[in-house]
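Taking it in order: structure first as structure tokens, then the write-up.
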Amino acid sequence: MDRLIIDGGRPLTGTIPISGAKNAALALLAGSLLASEPTVLRNVPRLVDIHVMTEVLASLGMKVDATVDGALRLDASSLTDFTTPYDLVTRMRASFFVLGPVLARLGQARIPLPGGCAIGSRPVDLHLKGLRSLGAKVTIEHGYVEASADQLVGAPVYLDYPSVGATETIMMAATLADGTTTIDNCAQEPEITDLAEFLIAMGARVEGAGTEQITIHGRPRLEGADFTCIPDRVEAGTFLIAGAITGGDLTLTGVRPEHLAALIGKLQEMGAILTAPDGDVLRIQAPERLKAADVRTMPFPGFPTDLQAQIMALLAVSEGTSVISETVFENRFLHVDELLRMGANIKTEGNVAVVQGVDRLSGAEVRATDLRAGAALVLSGLAARGHTIISGVHHIDRGYEDLERKLVAVGAAIGRTQVEGQASDPAAQVPGLTR
Ligand code: UD1
């Protein structure tokens, strides 16, 4: 039972290097199942979710090794199994991404339905509809999706919603199909473009990634590749907001500013100064207090749902009233109750939150209910008066590599304790925290 303890109210200044993108890496790892030769993936973050995905790959017969320089070497030349174990899919939904590649490689795949999670019911109907369009027989029996096709056949697919996961599933399956597949109304997220570039590096023929129509000309087999994962735009966005919420001056290195345009625009509208002194460097200089702004989450290039909780933490201490509309997931306001415990003034109705900025949050004991909700609590703790104690840290560990080390390096007072039951003074257990 880890807990994070933060002594808030310090402006963050300095430089933070950004890690590889979790969500891109998860799709690339699944995509590596398509290659009949070994592939090498670089800049993969060391995170719990990545570890679970490597366990999924190993369960299917892939050989996964870390190279001396920290890359992952993945050898799917001889896959031995087409069933993904239940306990791995329930530990991480993104395990479901292996469905398309395993079906395309082995002609059959069996994987548990992932079910819902804290932020929504999260169906997979669009993944399955896409695979059926490519000629697969797909049934759901005893909680498992069973898909089979002697040979997938390219076809037009229209997505009712530009789902990231469904676009990835169909793209991957279509690379080994016979003929041409078009995916209309597909997702345009940077993770989609990264996956397309990886597939192209393996010899696939993919056009249009990053637009609303992707075309894939199938090939009989894919080769190995050596590929570097894009930087994590959600991690970078979280740190930009950390700079903003503490009135700090932070420089992020190894970023792709074009992936963060919606957040950058919003932070500028709120009064922060953002500059890109170099192609892969972003700097934020923030005044003590920013101004309110309205936010509506949308598929890329709109404002990302994965930064909604974090910007809410910032709006909670900005001057004026903000309206946040969450349009991507139906239940993504679980952080609101925890922010209220810290003194925020937020009212929700359906998928809309009205945030009345307060002068200051005050540290409290709070609980992370999911990954990005947890990030919002860390940000609130960095800005709040006094100590914030966050439980449910395993959610945060799913998506932020070296979070405390990176924050401490720019002046935050944050530490971790392992507690059994209730500690009388958790802050006393963290060296360097002042009372
Ligand atoms: C991915 C990201 C997640 C991000 C989300 C939206 C990964 C591992 N996760 O999740 O961090 O928040 O994109 O940017 O990359 N939907 C359906 N039917 C489907 C599939 C999706 O109705 O078959 C709905 C979902 O319930 C949700 C919306 O579409 O309301 C968006 O989901 P989707 O884009 O698929 O998100 P994920 O790929 O699960």
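For the pair GLU269 and THR13, a Förster radius of 35 Å applied to the C-beta separation gives a FRET efficiency near 0.90, rounded to the nearest 0.05.
Within region 95-112, find all residues whose amide N lies under 11 Å from a label point positioned 7 Å from the Cα of ARG122 along Cα-to-beta-carbon. It comes to 95-97, nothing else. In a reduced charge model with +1 at each Lys and Arg Cβ and -1 at each Asp and Glu Cβ, the chain shows a dipole moment near 500 debye about its Cα centre. Could you tell me which of VAL40, GLY14, LEU60 has its Cα farthest along the dipole of region 1-94 towards the positive end, charges placed at Cβ (Lys, Arg +1; Asp, Glu -1), taken about the Cα centre? In region 1-94, that residue is GLY14.
Converting phi to 3J(HN,Hα) with the Karplus coefficients 6.51, -1.76 and 1.60 and the offset θ = phi - 60°, region 48-56 yields 4, 4, 5, 4, 4, 5, 5, 5, 4 Hz in sequence order, with x at every glycine or proline. The percentage of C-alpha pairs in the chain whose separation is greater than 41 Å is 17%.
Please label the shape of region 22-228 as rounded, prolate or oblate, based on the square roots a ≥ b ≥ c of the eigenvalues of the alpha-carbon gyration tensor (a/c under 1.5 means rounded; beyond that, a/b larger than b/c means prolate, else oblate). It is rounded, given that a/c, with a ≥ b ≥ c, falls under 1.5.
Placing a label point 7 Å from the Cα of ASP150 along the Cα-to-Cβ direction, the residues of region 76-107 whose backbone N falls under 18 Å of that point are 103-107. Of all beta bridges that DSSP places with both ends in region 22-228, some 70 percent have antiparallel geometry.
Taking amide H atoms as placed 1.01 Å from N in the peptide plane, the amide H of THR15 lies under 5 Å from those of THR251, each 5 or more residues away in sequence or on another chain. Each Lys and Arg Cβ is given +1 and each Asp and Glu Cβ -1; about its Cα centre, region 22-228 then shows a dipole of about 260 debye.
Computed over protein heavy atoms with a 1.4 Å probe, the accessible surface of the chain works out to 38 Å² per residue.
Ligands, DNA and RNA left out, the 1.4 Å accessible surface of the chain is 49% carbon and sulfur atoms.
Treating region 170-312 as a set of equal point scatterers at the Cα positions, no solvent, please give the Debye-formula log₁₀ I(q)/I(0) at q = 0.16 Å⁻¹. Treating every Cα as an identical point scatterer, log10 I(q)/I(0) equals -0.85. Take every Cα pair under 8 Å whose residues are at least 6 apart in sequence, average their separation, divide by the length of the chain, and the relative contact order is 21 percent.
In this simple spin-label model, placing a label point 7 Å from the Cα along the Cα-to-Cβ direction at both HIS51 and ARG132 gives a separation of 3.9 nm. Fully extending the segment from ASP65 to ASP87 would add 5.7 nm, taking 0.36 nm per residue of separation and subtracting the current Cα-Cα distance. Exposed loop sites were defined as GluC sites (Glu not before Pro) in DSSP loop states (anything but H, G, I, E or B) carrying at most 15 other C-beta atoms within 10 Å; in the chain the longest segment without such a site runs 1-211. Pairs of Cα atoms nearer than 8 Å and 6+ residues apart set the relative contact order; for region 51-128 it is 24 percent. In order along region 64-76, the Karplus-derived 3J(HN,Hα) couplings, from 6.51 cos²θ - 1.76 cosθ + 1.60 at θ = phi - 60°, round to 10, 10, 8, 8, 4, 8, x, 7, 10, 9, 10, 10, 9 Hz, and Gly and Pro are given as x. Across region 78-182, the relative contact order, built from alpha-carbon pairs under 8 Å that are at least six residues apart, equals 29 percent.
Among the protein heavy atoms, those of ASP2 account for about 40 Å² of accessible surface (1.4 Å probe, every chain in place).
Ordering HIS51, HIS335 by accessible surface, largest first, gives HIS51, HIS335; the 1.4 Å probe counts only protein heavy atoms, with every chain in place.
Between THR238, THR388, THR417, the residue with the greatest mean-square fluctuation in the GNM of the chain (Cα pairs under 10 Å linked by springs) is THR417. Using only Cα positions of region 1-118, each an equal point scatterer, no hydration layer, compute I(q)/I(0) via Debye at q = 0.18, 0.24 Å⁻¹ and quote the log10 values to two decimals. Relative scattering, expressed as log10 I(q)/I(0), comes to -0.91, -1.42.
The values are calculated or read from the model by the stated rules, or taken from the named source; none is laboratory data. Not measured: the values here are computed from a predicted model. Don't worry about glycine lacking a Cβ; one is built from the backbone with ideal geometry, like all the others, and counts go over all protein chains shown. For accessibility, only protein heavy atoms count, side chains too; no ligands or nucleic acids. Shrake-Rupley method; radii C 1.70, N 1.55, O 1.52, S 1.80 Å.
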